[in-house]
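What follows is a short report on a single structure.
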Amino acid sequence: MPVLTATNITHHYGDRVILDGVSLSLEPGERVGLVGRNGAGKSTLLKVIAGDLRPDVGSVSLVGGERAGYLKQDVDFPGHLTLHEAAMLAFEDVRAWERELESVFERMAAGEDLDRLLKEQERLERLIESRTHAGAGVGATEGVAHRVDAILHGLGFTDAQFEIPVSGLSGGQKGRLALAKVLLEEPGVLLLDEPTNHLDISGRLWLESFLTEDYRGAVLMISHDRYLLDAVVSRILEVEDGRLIEYPGNYAKFRELRAERREVMYRAWEKQQNEFKKEEEFIRRYRAGQRAKQAQGRLSRLERAKEGALERPPEMRTLKLELPKAERPGDIIASGRGLTKKYPREDGGELTLFENLDVTISRGERWGVIGPNGAGKSTLVRILLGEQSPDAGDVKLGSRLSVGYYRQSHEGLDPEKTVVRFLQDVVRKECPGQTLSEQAARNLAGAFLFSGGEQEKELRLLSGGERSRAVLASLLVSAKNVLVLDEPTNHLDIPSAERLEEALALPRENPKTGEKTEPAFDGTLVLISHDRALLDACCDRLLVFDGRGNVEVFLGSYTLWHEREVKRAKAEEAARSSAASRSQPQARPVTPTAKPAPSAPARPADPGRGKAPAAGNAPKSRYSWMRLEQLEERLSILGDRMKELDRRLADPDVWADHEKANKLTEERDELQEELDALETEWLRKAGA
């Protein structure tokens, strides 16, 4: 039986129909994703279901007294509360029940009707236990505090931030606090509107785990995070032209089914258009002749048919951009040696963003920069571009650089320009001697999903997402040989993010034809992002910040890095479990004739454990027979193969074929083992 039902929801904003008689239902424990273009009506539908907006027509019902918890995009908290106190507001119902319970005890002591009060006590204690997963009293209080701490930690807050007043939190921190509160309330239905907006990658992974493993209620979620939708939901509802279109499966399955559906729709539309053309040709040919009466009849039928004609399905075409060629830069784009950046903290200490870091970005490379918010990602990129000075270390910039920098704020735009004029003026300014015709500008705008009258909108009238699309389109057409994009998908809906991905994607191999597709942009890319799908599609090497002053250079895709981290975490957990089991005394059966076992001799500590053996003392390996030159040749061959494997594994299409992806991953693991052994032997011989 559905836990939530919305029936015939219709809503208008002025003359515009946002929702046109849509209906949906959620089963207990079901996870459903709500997708669609910005402005399609997703948030409106969630507000109607949550009771924050009254629809023009329709009704919403929750069965069995269930509650719906709604995560809004903008939430206010009392400014005098601390972060931890504001999160504890999720348990106001528990506090109310505890006050009622205290009143019951007082009335018991006064000698009131004991049987009735015992039943009331049992009811209240049951309610408290259901919310706190502990009995009433101290256990409940401790359980609540522990859960609040766990949720706040999962969403990226530290113990030191728990006592910060809400009035001192940033907008992103308030957004995470709102998410924490709604998760702690544990409603029967969760209505989440962009829950990942202010979450870094670790926060998104934690949320995935929470929604799939811990939370037991139903979920209706709007999200632009494709990996989150893939991991969590089992059904997709697309809002399109005021209607809801249902697709079974996660987001990847939705893309596949939607493409098939739209292909069928396009063929039907195309067939109808051809029939219209034939009729029009007949009418033109015979309107004035002997068959004029027949032609007039056909005209009437054609006009009636056109009134109910099929609409051309949207987004049928793929992105095809002809970008101006940028000047070829030198081999090295930017090189930093020994880079260090620290900031003073309020407590008198220092915050280390990174220390003694070496990094080199070469021509044509695609770098993803990932890590917690505030870890120093944007600071490092600005230092590498020469916009900011490090505390220590040196930076060298390459020659003939033309850098396009997409920042999270868009300043300096002329608000009176239309989208088309803005794109034309960018080319005129950035590419001397070149022009962008009006048709070419309209094609570019259309590629970034500006259609019809939207291309004539002035920049001041654009939404945040529309302005982001216009700026990204202008960067691509401005002949830059280096693009630096700082959170480019923050304000983009999924179709817009996918268009950007198409323009920036790594070269891909069609698994069916074997043909390689080249990206529209073939320069150097530095991408700061929490969008894992975008990172996987566009980057084959990473700078990974851990938020504690450490930065790792990883050669491979985000998925490869994440898989390595998962394996590492499992290995560490297994080691901890093994150490814990060894530290526990083992019970042994004792018989009258048993003798105590002799104690094993103590094993001396190995001071070199965990380090590479010294060159002269290293045990011989299976590669001991190889000369130094042979080792170097083999290392070069394997290195090239590793690059090819990393390139193929960075292609999202490969992961659609699980068997193929597993074979490639296994081959890479085997190559890595051989590389490690070869490098050890090379070190032994080189140092001999």
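The values are calculated or read from the model by the stated rules, or taken from the named source; none is laboratory data. Keep in mind the model is a prediction, meaning the values are calculated, not measured. Cβ: placed from backbone, ideal geometry, glycine included. Neighbour counts: every protein chain shown. SASA here: full protein model, heavy atoms, side chains in, ligands and nucleic acids out. Shrake-Rupley method; radii C 1.70, N 1.55, O 1.52, S 1.80 Å.
Key figures
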{"read-out": "Residue satisfying condition, being part of a helix (DSSP H, G or I), open to solvent by 60 Å² or more (accessible area, probe 1.4 Å), out of contact with any helix residue (DSSP H, G or I) (no Cβ under 8 Å at 6 or more places or on another chain) and under 28 Å from Arg442 (Cα atoms), within set Arg328, Arg267", "value": "Arg267"}
{"read-out": "Failed item, numbered, when Arg116 is tested on (1) open to solvent by less than 40 Å² (accessible area, probe 1.4 Å); (2) farther than 27 Å from Ala150 by Cβ", "value": "(1)"}
{"read-out": "Meets criteria (buried (at least 22 other Cβ atoms within 10 Å of the Cβ) and touching a strand residue (DSSP E or B) at 6+ places or on another chain (Cβ under 7 Å)) for Val484", "value": "yes"}
{"read-out": "Options Glu275, Glu256, Glu303; residue that is among the acidic types (Asp, Glu), open to solvent by 80 Å² or more (accessible area, probe 1.4 Å) and under 30 Å from Thr196 (Cα atoms)", "value": "Glu256"}
{"read-out": "Residues satisfying the stated conditions in segment 490-511, i.e. under 24 Å from Thr379 (Cα atoms) and open to solvent by 20 Å² or more (accessible area, probe 1.4 Å)", "value": "Asn490, His491"}
{"read-out": "Selected residue (only one of Arg407, Arg363 is among the basic types (Lys, Arg) and modelled with pLDDT of 90 or more)", "value": "Arg363"}
{"read-out": "Which listed residue, of Glu456, Glu466, is over 28 Å from the mean Cα position of the chain (by Cα) and either in contact (Cβ under 8 Å) with a residue 12 or more places away in the chain or crowded, with 21+ Cβ neighbours inside 10 Å (or both)", "value": "Glu456"}
{"read-out": "Boolean, Val369 is at pLDDT 95 or above, in a strand (DSSP E or B), under 24 Å from Trp561 (Cβ atoms) and of a type outside the set (Lys, Arg)", "value": "yes"}
{"read-out": "Any hit, segment 14-31, residues being open to solvent by 30 Å² or more (accessible area, probe 1.4 Å), over 19 Å from Leu183 (Cβ atoms), free of Cβ contacts under 8 Å to residues at least 24 places away in the same chain and not in a loop (DSSP other than H, G, I, E, B)", "value": "yes"}
{"read-out": "Segment 554-576, residues that are surrounded by 15 or more Cβ atoms within 10 Å (Cβ to Cβ) and of a type outside the set (Val, Ile, Thr)", "value": "Phe554, Gly556, Ser557, Tyr558, Leu560, Trp561, His562, Glu563"}
{"read-out": "Qualifying residue in segment 382-391 (condition: open to solvent by 40 Å² or more (accessible area, probe 1.4 Å), in contact with a strand residue (DSSP E or B) (Cβ under 6 Å, 6 or more places away or on another chain), part of a strand (DSSP E or B) and of a type in the set (D, E, K, R))", "value": "no"}
{"read-out": "Count of segment 30-59 residues which are of a type outside the set (A, V, I, L, M) and touching a strand residue (DSSP E or B) at 6+ places or on another chain (Cβ under 6 Å)", "value": "12"}
{"read-out": "Failed criterion for Glu487 (all others in (1) at pLDDT 90 or above; (2) farther than 27 Å from Ala40 by Cβ hold)", "value": "(2)"}
{"read-out": "Candidate set from segment 154-175 (those that are polar (S, T, N, Q) and surrounded by fewer than 18 Cβ atoms within 10 Å (Cβ to Cβ)); member that is modelled with the lowest pLDDT", "value": "Ser170"}
{"read-out": "Residue satisfying condition, being over 30 Å from Ser362 (Cβ atoms) and modelled with pLDDT of 85 or more, within set Glu387, Glu466", "value": "Glu466"}
{"read-out": "Candidates Asp414, Asp358, filtered to the one that is out of contact with any strand residue (DSSP E or B) (no Cβ under 7 Å at 6 or more places or on another chain) and either free of Cβ contacts under 8 Å to residues at least 60 places away in the same chain or surrounded by fewer than 19 Cβ atoms within 10 Å (Cβ to Cβ) (or both)", "value": "Asp414"}
{"read-out": "Within segment 442-453, considering residues that are surrounded by 19 or more Cβ atoms within 10 Å (Cβ to Cβ) and assigned to a loop (DSSP other than H, G, I, E, B), the one farthest from the chain's Cα centre (by Cα)", "value": "Phe450"}
{"read-out": "Total residues in segment 422-441, condition buried (at least 19 other Cβ atoms within 10 Å of the Cβ), assigned to a helix (DSSP H, G or I), without any contact (Cβ under 8 Å) to a residue 60 or more places away in the chain and not small (Gly, Ala, Ser)", "value": "4"}
{"read-out": "Qualifying residue in segment 154-176 (condition: assigned to a helix (DSSP H, G or I), among the charged types (D, E, K, R) and free of Cβ contacts under 8 Å to residues at least 24 places away in the same chain)", "value": "yes"}
{"read-out": "Lone unmet requirement of (1) surrounded by 13 or more Cβ atoms within 10 Å (Cβ to Cβ); (2) at pLDDT below 90 for Arg317", "value": "(1)"}
{"read-out": "Candidates Ala334, Ala305 - the one that is in contact (Cβ under 8 Å) with a residue 24 or more places away in the chain and in a helix (DSSP H, G or I)", "value": "Ala305"}
{"read-out": "Residue match in segment 541-548 (condition: within 24 Å of Pro329 (Cβ to Cβ), touching a residue at least 40 places away in the same chain (Cβ under 8 Å) and of a type in the set (Lys, Arg))", "value": "yes"}
{"read-out": "Residue in segment 346-354 that is open to solvent by 40 Å² or more (accessible area, probe 1.4 Å), farther than 20 Å from Ser478 by Cβ, touching a helix residue (DSSP H, G or I) at 6+ places or on another chain (Cβ under 6 Å) and among the aliphatic types (A, V, I, L, M) present", "value": "no"}
{"read-out": "Which listed residue, of Leu228, Leu244, is part of a helix (DSSP H, G or I) and surrounded by 16 or more Cβ atoms within 10 Å (Cβ to Cβ)", "value": "Leu228"}
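Condition check ((1) in contact with a Pro (Cβ under 7 Å, 6 or more places away or on another chain); (2) modelled with pLDDT of 90 or more; (3) of a type in the set (Gly, Ala, Ser)) across all residues:
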{"position": "Glu129", "(1), (2), (3)": "no, no, no"}
{"position": "Ala134", "(1), (2), (3)": "no, no, yes"}
{"position": "Leu152", "(1), (2), (3)": "no, yes, no"}
{"position": "Leu177", "(1), (2), (3)": "no, yes, no"}
{"position": "Glu194", "(1), (2), (3)": "no, yes, no"}
{"position": "Ile201", "(1), (2), (3)": "no, yes, no"}
{"position": "Leu207", "(1), (2), (3)": "yes, yes, no"}
